[in-house]
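Only one structure is covered here, and it is reproduced in the block below.
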Amino acid sequence: MSDKSLELRKNLETKGLDALFITNPANQRYLEGFTGADCFMLATCGKNYLIADSRYVEMAERECRDAEVLPHRAPNPPLQDVLSRLASGNGLRRIGFERERLAWGLYDDIEKALGGVGVELVPTSSLVEGIRAKKTEAEIELIEAACGIADRALDDVLPIIKPGISELDLKVELDYRMKIGGADDVSFDTMVLFGARPSQPHANSSRGARLKAGDFILIDYGACRDGYRSDTSRTFVFGKASDEQKLAYKTVLNAQEASLKKVFPGANGRDINDIALGIIKEAGLPAFGHGIGHGVGLEIHEEPSLRQNTDVFLEAGMVITIEPGSYKPGWGGIRIEDTVLVTPDGCRILTRFPKELMEL
């Protein structure tokens with residue numbers, strides 16, 4: 001059994017659970033190396049089982065480190081029957097499930113089947129995600145590689161930014177540059193916004209939005225390398241920036257730099273968030289409503305989450321974003337975001353694309 005599975009076993013024992021039913025693909029990949037989808041895992045205190053339909057059985061047998069691969073779905077037994085058999089065969093009485101991930105219909109089928117053999121289903125949260133929050137050296141290397149791919153791709157597309165280019169065309173070109181530059185895929189749906197549209201922190205890129213002089217350009221993007229992701233946001237001005245744009249940009253950059261200085265083991269995410277909010281509000285600008293940052297790894301948003309009204313304490317080995325922003329409807333928006341490693345004595349920024357205001 002791998003060190004990761006042994007760590008989960010400790011969590012199960014602490015919670016008085018005999019096993020965990022895992023539906024999150026990222027957790028399956030973390031524990032067993034399985035890269036497929038639409039499969040399920042039962043992690044017991046002694047052994048892992050990967051439950052797959054016929055499309056993924058061979059793939060699972062090749063990829064899984066230790067798990068026994070079991071088929072389900074016609075002509076094989078349904079999932080709930082496979083779980084019932086495993087519970088009876090392993091003497092399981094309390095099985096946890098990922099409460100944020102398990103759909104009601106599937107829960108209902110499983111609960112009925114397991115109830116018939118005297119098994120209790122117990123809702124859990126973050127039993128695997130909490131382990132994933134601290135990265136190993138191998139994971140950090142992959143995230144840093146993804147960051148480097150993303151940095152180079154953005155630098156490569158700057159020369160093609162011309163009057164009249166659409167948001168969607170620039171997005172497609174950036175995605176292409178990341179993939180030919182070594183990415184397996186993009187981290188998430190790349191966002192490119194022009195003009196006043198960056199006031200929408202997570203809008204969709206449009207073919208109809210065309211670049212013109214004086215526009216903001218906000219790009220939020222990332223590369224994926226062997227499953228691990230990067231996350232970067234940069235904001236530019238096309239042509240000469242106005243005084244208002246320059247002042248707003250400097251304020252958001254100051255907020256990010258001040259926040260980065262407070263990233264170290266033991267720091268409270270709430271305090272980091274409040275520092276950035278204070279700087280932006282003091283300047284009279286609209287403050288961001290999203291959190292100052294989030295964990296990055298096998299998923300683009302994972303633990304820890306740094307935001308208002310929530311205490312979360314950083315540990316060395318965590319990889320997070322720091323991403324303050326200011327958004328004004330009808331005018332535009334600015335966000336500056338980096339992927340950051342928490343080190344024993346502070347932090348190290350993994351995304352290295354320059355942050356001074358660029359007038360393209």
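Points to keep in mind about this one:
- Failed item in (1) in a helix (DSSP H, G or I); (2) in contact with a Ser or Thr (Cβ under 6 Å, 6 or more places away or on another chain); (3) hydrophobic (A, V, I, L, M, F, W, C), with V192 passing the rest: (1)
- Strands (runs of 3 or more DSSP E) contained entirely in the stretch 261-355, each with at least 3 residues that are more than 30 Å from L158 (Cβ to Cβ): 302-306
- Candidates are the residues of the stretch 3-16 that are in contact with a strand residue (DSSP E or B) (Cβ under 9 Å, 6 or more places away or on another chain) and in contact (Cβ under 8 Å) with a residue 40 or more places away in the chain; the one that is surrounded by the most Cβ atoms within 10 Å (Cβ to Cβ) is L8.
- Every pair of residues 6+ apart whose Cβ atoms lie under 8 Å, when the first sits in the stretch 61-81 and is loosely packed, with under 15 Cβ neighbours inside 10 Å while the second is in a loop (DSSP other than H, G, I, E, B): R65/S2; R65/G33; D66/M1; D66/S2; D66/K47; E68/K47; P78/H72; D81/H72
- Some residue of the stretch 27-37 being surrounded by fewer than 15 Cβ atoms within 10 Å (Cβ to Cβ) and closer than 25 Å to E303 by Cβ: yes
- Criterion (closer than 26 Å to R132 by Cβ and touching a Cys at 6+ places or on another chain (Cβ under 8 Å)) met by exactly one of D185, D220: D185
- L168 being among the hydrophobic types (A, V, I, L, M, F, W, C), touching a residue at least 24 places away in the same chain (Cβ under 8 Å) and buried (at least 19 other Cβ atoms within 10 Å of the Cβ): no
- So E315, is it buried (at least 18 other Cβ atoms within 10 Å of the Cβ), within 21 Å of the chain's Cα centre (by Cα) and of a type in the set (D, E): no
- Scope the stretch 276-288; condition crowded, with 16+ Cβ neighbours inside 10 Å and modelled with pLDDT of 95 or more; matching residues: A276, L277, I279, I280, A283, L285, P286, F288
- Filtered residues of the stretch 174-232 (kept if of a type in the set (V, I, T) and more than 21 Å from K355 (Cβ to Cβ)): I180, V186
The rows are residues; the columns are (1) touching a Phe, Trp or Tyr at 6+ places or on another chain (Cβ under 9 Å); (2) among the hydrophobic types (A, V, I, L, M, F, W, C).
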site	(1), (2)
R207	no, no
T232	yes, no
T235	yes, no
K246	no, no
V263	no, yes
G269	yes, no
I275	no, yes
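- Which listed residue is surrounded by 15 or more Cβ atoms within 10 Å (Cβ to Cβ), of a type in the set (V, I, T) and either within 27 Å of G346 (Cβ to Cβ) or in the same structural domain as N24 (by TED's automatic domain parsing) (or both), from I272, I217: I272
The values are calculated or read from the model by the stated rules, or taken from the named source; none is laboratory data. This structure is a prediction, so every number in the text was calculated from the model and none was measured. Reconstructed Cβ throughout: ideal geometry from the backbone, glycine too, with neighbour counts over all protein chains shown.
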